[in-house]
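Participant: One structure is given below, represented as structure tokens, and several questions about it will come after.
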Amino acid sequence: MSSSLTPAKFIEKSERALHAARLLVDSGEIEGACNRAYYAMYDAAHAALLALKKADYKVTKTHSGLIAAFGLHIVSPGKISRDLGRSLNEVEQLRLLADYTGEEISAEQAFDAVLKAELFVAAVRTMLLSDGTI
């Protein structure tokens, strides 16, 4: 991971992905909206782990590693609610369906993914603001 990617840069990146997810879901681009919603959450999770000095590249280089580290270091100690932590897993599963299968995803599922991403990114941003990281 590049040393120029700070928690603030990851939050900015997550907010760009979130903006794209909103545009895509509003235009009916379901698969793209699910993808961007997940990556908004993924980048926010990376920001949180980096802020806590828990973004070990050996662990966070995979999606499952990053999600597990987020659960261990952010959700378990109560920095983010379990519901929000669970939503990261749920939106990842939807993204996998959107990106790698022909399974149909409804507009409602995509809207839900974007809503979960909005809540997740906001919660991580609040966490980082409250501890003075960003």
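Participant: Counting only trypsin sites (Lys or Arg not before Pro) that are in a DSSP loop and have at most 14 other C-beta atoms within 10 Å, tell me the longest site-free stretch of the chain.
Facilitator: On the way: sites that count: Lys53, Lys61.
The longest such stretch corresponds to 62-134.
Participant: Please identify, among Leu49, Leu88, Leu96, the residue showing maximal mean-square fluctuation in a Gaussian network model of the chain using a 10 angstrom Cα cutoff.
Facilitator: Fluctuation is largest for Leu96.
Participant: Once fully extended, how much extra length lies between Tyr57 and Leu5, figured as 0.36 nm per residue of separation less the alpha-carbon to alpha-carbon distance?
Facilitator: 17.5 nm
Participant: Quick one, which of [x] 1.24; [y] 0.99; [z] 1.08 is the actual Cα Rg over 2.2 N^0.38 Å calculated for this model?
Facilitator: Step by step, Cα Rg over 2.2 N^0.38 Å for this structure corresponds to label [y].
Participant: Expressed as a rounded percentage, what relative contact order does the chain have, with Cα pairs under 8 Å and six or more residues apart?
Facilitator: 34 percent
Participant: Quote the FRET efficiency, to the nearest 0.05, computed for Asp131 versus Ser27 with a Förster distance R0 of 22 Å and r equal to the Cβ-Cβ distance.
Facilitator: On the way: r = 37 Å, r/R0 = 1.66.
The calculated FRET efficiency here is 0.05.
Participant: Then there is this: In whole angstrom, note down how far apart the Cα centers of region 18-52 and region 69-134 are.
Facilitator: Their Cα centres are 9 Å away from one another.
Read-outs: derived from the displayed coordinates by stated rules, not from any lab. Small disclaimer: the values here were computed from a predicted structure and weren't measured. No Cβ is skipped: glycine too gets one built from the backbone with ideal geometry, and neighbour counts run over all protein chains shown.
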